[in-house]
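First up is the structure itself, then whatever we jot down about it.
The values are calculated or read from the model by the stated rules, or taken from the named source; none is laboratory data. Since the structure is predicted, the reported quantities are computational estimates derived from the model, not experimental observations. For neighbour counting, all protein chains shown are included, and Cβ atoms are generated from backbone atoms with ideal geometry for every residue, glycine included. Surface areas here come from the heavy atoms of the whole protein model, side chains and all, with no ligands, DNA or RNA. Shrake-Rupley method; radii C 1.70, N 1.55, O 1.52, S 1.80 Å.
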Amino acid sequence: AEQHSGRIKILDLGTLTVNATPFLTVTGLSTGSEQGLLGLAFHPSYASNGYFYVNFTDSGGTPRIRRYTVSRDPHVANPGSATAVLSYSQPQSNHNGGWLGFGPDGYLYIASGDGGSANDSGAGHTAGIGNAQDITDNLLGKMLRIDVDGDDFPGDPDRNYAIPATNPFVGISGDDEIWAYGLRNPWRCSFDRSTGDLYIGDVGQGSREEIDVQPAASTGGENYGWRL
């Protein structure tokens with residue numbers, strides 16, 4: 001997945017060559033600073049439903065999660081199949097996070113940055129605590145977890161997902177989509193295929209970078225500390 005061209009390419013492992021025709025080109029990107037096509041994940045049932053998901057910043061800088069479907073040609077996606085899943089506001093052009101991936105539980109995890117600039121402060125940042133520590137009406141600086149096989153918002157064409165009942169803030173104060181918080185710019189993450197543990201690579205500010213590990217047995221709700 002190429003960040004600034006928006007192209008998703010296929011590497012043929014038999015010939016070790018890249019197919020001449022891209023699998024898909026995501027259009028309408030903003031590509032300044034750290035923006036662009038930032039994440040790609042295939043549905044666990046991709047072989048039967050053909051669904052895959054991208055995380056990108058649109059022409060206005062808004063991070064968007066969108067679903068596409070493969071065409072009858074397995075090497076080419078259907079660009080007309082674009083379906084909005086989730087989006088949230090982004091005050092600056094950096095710290096978009098961007099990774100997304102399906103966990104062993106089948107839910108889609110989405111890493112969001114704190115909104116940009118420095119110190120998680122200034123315009124578009126919650127005064128006093130920053131976005132990453134604000135868990136009310138604020139999806140920035142978080143690890144989100146959603147169920148893409150359901151729809152809890154049938155009247156909203158821009159929200160096509162359900163909230164897992166086991167998310168940590170369901171039924172209490174805090175946004176239901178949040179799985180963990182206190183992140184600055186979780187740029188690349190990965191689930192350990194053997195253990196199910198989640199590794200979160202978070203970009204530091206001036207002194208150090210950070211790798212956070214969330215054990216597979218976690219029930220969510222961790223605060224990874226930024227900007228405290």
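Within the range 200-224, count every residue that is exposed (fewer than 13 other Cβ atoms within 10 Å of the Cβ) and either part of a strand (DSSP E or B) or touching a Pro at 6+ places or on another chain (Cβ under 6 Å) (or both). Of the residues in the range 200-224, 2 are exposed (fewer than 13 other Cβ atoms within 10 Å of the Cβ) and either part of a strand (DSSP E or B) or touching a Pro at 6+ places or on another chain (Cβ under 6 Å) (or both). Could you tell me which residue of the range 103-124 is nearest to GLY171 (Cα to Cα), considering only residues that are among the hydroxyl-bearing types (Ser, Thr, Tyr) and open to solvent by less than 20 Å² (accessible area, probe 1.4 Å)? The qualifying residue nearest to GLY171 (Cα to Cα) is TYR109. Scanning the range 178-192 for residues that are under 12 Å from the mean Cα position of the chain (by Cα) and assigned to a loop (DSSP other than H, G, I, E, B) returns a single hit, ASN185. If you go through the range 200-207 one residue at a time, do you hit one that is touching a strand residue (DSSP E or B) at 6+ places or on another chain (Cβ under 8 Å) and hydrophobic (A, V, I, L, M, F, W, C)? Checked against the condition, which is being touching a strand residue (DSSP E or B) at 6+ places or on another chain (Cβ under 8 Å) and hydrophobic (A, V, I, L, M, F, W, C), the range 200-207 yields at least one hit. List every residue pair whose Cβ atoms sit under 6 Å apart, with the two residues 6 or more apart in sequence or on different chains, where the first one lies in the range 158-171 and is over 11 Å from VAL148 (Cβ atoms) and the second, anywhere, is open to solvent by 30 Å² or more (accessible area, probe 1.4 Å) and among the aromatic types (Phe, Trp, Tyr). Final answer for the pair search is ARG159/PHE153. Taken over the range 183-194, the criterion of being among the polar types (S, T, N, Q) and either surrounded by 12 or more Cβ atoms within 10 Å (Cβ to Cβ) or closer than 14 Å to LEU139 by Cα (or both) is satisfied by ASN185, SER190. Among residues of the range 16-37 that are without any contact (Cβ under 8 Å) to a residue 40 or more places away in the chain and at positive phi, those with a Cβ under 7 angstrom from a residue that is among the hydroxyl-bearing types (Ser, Thr, Tyr) and assigned to a loop (DSSP other than H, G, I, E, B), sequence gap 6+ or separate chain, pair up as GLY28/SER59. Whenever a residue of the range 180-194 is within 12 Å of GLU210 (Cα to Cα), its partners that are in a loop (DSSP other than H, G, I, E, B) and of a type in the set (Val, Ile, Thr), lying with C-beta atoms within less than 9 angstrom and at least six residues away or across chains, give the pairs ARG184/VAL203; ASN185/VAL203; PRO186/VAL203; TRP187/VAL203.
Go through the range 38-87 and count every residue that is farther than 22 Å from ASN138 by Cα and among the acidic types (Asp, Glu). Here the count works out to 1. Taking the criterion of being more than 17 Å from GLY101 (Cβ to Cβ) and surrounded by fewer than 21 Cβ atoms within 10 Å (Cβ to Cβ), the residues of the range 164-182 that qualify are ALA165, THR166, PRO168, PHE169, VAL170, GLY171, ILE172, SER173, GLY174, ASP175, ASP176. Number of residues in the range 6-41 that are open to solvent by less than 40 Å² (accessible area, probe 1.4 Å), modelled with pLDDT of 95 or more and under 19 Å from the mean Cα position of the chain (by Cα) equals 12.
Pull up the range 42-101, narrow it to residues that are of a type in the set (Gly, Ala, Ser) and within 18 Å of ILE178 (Cα to Cα), then point me to the one that is surrounded by the most Cβ atoms within 10 Å (Cβ to Cβ). Once the filter is applied, the top-ranked residue is GLY97.
Looking only at strands (runs of 3 or more DSSP E) that fall completely inside the range 1-90, which ones have 3 or more residues that are among the basic types (Lys, Arg)?
63-70
Applying the criterion of being on the phi > 0 side of the Ramachandran plot and touching a residue at least 24 places away in the same chain (Cβ under 8 Å) to the residues of the range 125-146, the residue that is surrounded by the fewest Cβ atoms within 10 Å (Cβ to Cβ) is ASP137.
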